[in-house]
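What follows is a short report on a single structure.
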Amino acid sequence: MTETVIRADNVTDITDAVDAAIGDFLADRRAEADAIGPGLAATVADLASYVSRGGKRVRPTFAWLGWLGAGGAESDPDAPAVLRTCAALELLHASALIHDDIIDESPTRRGLPAAHVLFADRHRARRWSGAPNAFGQGMAILAGDLTLAWADDLVRTSGLRADAQARVGPVWSAMRTEVLYGQLLDLTAQAAGAEDVDSALRVDRYKTASYTVERPLHVGAAIAGAGTGLVAAYRAFGTDIGIAFQLRDDVLGMFGDPLVTGKPSGDDLREGKRTVLLATALELADDNDPGAARFLRSAIGTDISAAQLDSVRAILTETGAVDRVERDIVRRTDRAVAALEASGATAPARDRLAAMAVAATQRAW
């Protein structure tokens, strides 16, 4: 297995090292699948391609910096095992994306066909029997499950010492459960037509913040055996930055360039997502512009036209919803950085985490 030396101050090196660790792991899985049947090897190759395309390896980087901030060092003999544990977060993320796109019926991910679309297209191209879309969904569900199982396997076989494994286990389990709870909350909010900001923030906390920033930092801290004070500071930082990250995503989902975001503009609205941005706009419009509120409610979960999307954007801006969300992003970022500065994290990791916080909330990467 390749062991790549990386530097704490070089995110590119971290990304390359994570990719190498995942590549090694998936190469073994492909050989394993090939021994069972050639069709399985092709599916593993599809998953390897899916994981490798795009993505900034944000979650593994947060975990790695969490470890360094808690006293870990690149020269530590355990560093390769720590890296493999961090890399497992990318497999967890891939599983969540695959399942999320099925649930949302999203046709693309990072500008390319979503997994269920890829499998359905292959079914059509090969003129197999049965319904292509049903096949695509079934294959993607299983592929997402398989990727989640592999994430667990990569943590278990990472080579961490027994004491570190024992500390990481409960954190990993909590993170994995929280992201599923977040998905359940999201589906329920959509079905129930929830409109309050608190419900939307709860989804953001558990569906995004937990496994994007908060728990990855906690994983790194747990590996290093960090004390409760640093863990609390990491979690406070991670919760605020993770929610701010999602708030920025909400704004980009409505106003961003699809060529940059990789998803059609307005998809959240068409899918009936109860975002904080939308909930804020409804709250403000109910108070000040009932006609705009009615229009927003009529647009949620419908295949709106480009002109209607422009009208929604205007309402989001004119009600002050965008400004309020932007202020909340700034407030959470400032509070998170303050918590980090007051923590006992080592200076190089603390500086890198602060820079990542700004980048995440401004979406500079």
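Mind ranking 253-259, 170-176 by how tightly packed they are, going by the mean number of other C-beta atoms within 10 angstrom, highest first? Spell out each step's value before the answer.
Working: 253-259: 15.1, 170-176: 16.9.
Sorting 253-259, 170-176 by mean packing, highest first, produces 170-176, 253-259.
Translational diffusion of the chain was estimated from the Stokes-Einstein equation, with Rh taken as the Kirkwood radius over Cα pairs; at 10 °C and 1.306 mPa s the coefficient is 74 µm²/s.
Please give the FRET efficiency for residue 27 paired with residue 335, using the beta carbon to beta carbon distance and R0 = 41 Å, rounded to the nearest 0.05. Please report the intermediate quantities before stating the final value.
Details: r = 43 Å, r/R0 = 1.04.
With a Förster radius of 41 Å, E is 0.45.
In terms of the mean number of neighbouring beta-carbon atoms within 10 Å, the peptides 212-225, 283-296 order highest first as 212-225, 283-296. Between residue 188 and residue 75, the simple label model (points 7 Å from Cα in the Cβ direction) yields a spacing of 5.1 nm.
Quick one: compute a quarter of the convex hull surface over the Cα atoms of the range 134-255 and quote it in nm². Let's see the in-between values first.
Values: hull surface 37.7 nm².
About 9.4 nm², averaged over all directions.
Sorting the segments 188-198, 235-245, 125-135 by their residues' average number of neighbouring beta-carbon atoms within 10 angstrom, most packed first, yields 235-245, 188-198, 125-135. Between residue 305 and residue 257, the modelled labels are 2.7 nm apart [label points 7 Å from Cα along Cα→Cβ].
If a paramagnetic tag sat 7 Å from the Cα of residue 45 along the Cα-Cβ line, which residues of the range 100-138 would have the backbone N under 16 Å from that point? Those under the cut-off are 119, 122-123, 126. Taking Cα centre as origin and charging only the Cβ of basic (Lys, Arg, +1) and acidic (Asp, Glu, -1) residues, the dipole magnitude of the range 212-365 rounds to 500 debye.
To the nearest µm²/s, what D does Stokes-Einstein give for the range 53-141 at 25 °C and 0.890 mPa s, using the Kirkwood radius over alpha carbon pairs as Rh? Estimated diffusion coefficient is 162 µm²/s.
Treating each Cα of the range 246-363 as one equal point scatterer and applying the Debye formula with no solvent, the log10 of I(q)/I(0) at q = 0.15, 0.19 Å⁻¹ comes out as -0.70, -0.96. Dividing the summed helix terms, -39500 (n - 2.57) for each DSSP H run of n ≥ 4, by the number of residues in the chain produces a 222 nm estimate of -24500 deg cm²/dmol to the nearest 500. Cross-link partners among lysines for residue 273, C-alpha distance below 17 Å, same-chain residues fewer than 8 apart left out? Hits, sequence-local ones excluded: 207, 263. Taking each residue as 0.36 nm, the span from residue 110 to residue 317 lengthens on full extension beyond its C-alpha to C-alpha distance by 71.9 nm.
Length available on full extension from residue 103 to residue 53: 0.36 nm per residue minus the Cα-Cα distance, which gives 15.9 nm.
We did not get these values from a lab; they are worked out from the coordinates using the rules stated. A quick note: this is a predicted structure, and the numbers were derived from the prediction, not measured. Don't worry about glycine lacking a Cβ; one is built from the backbone with ideal geometry, like all the others, and counts go over all protein chains shown.
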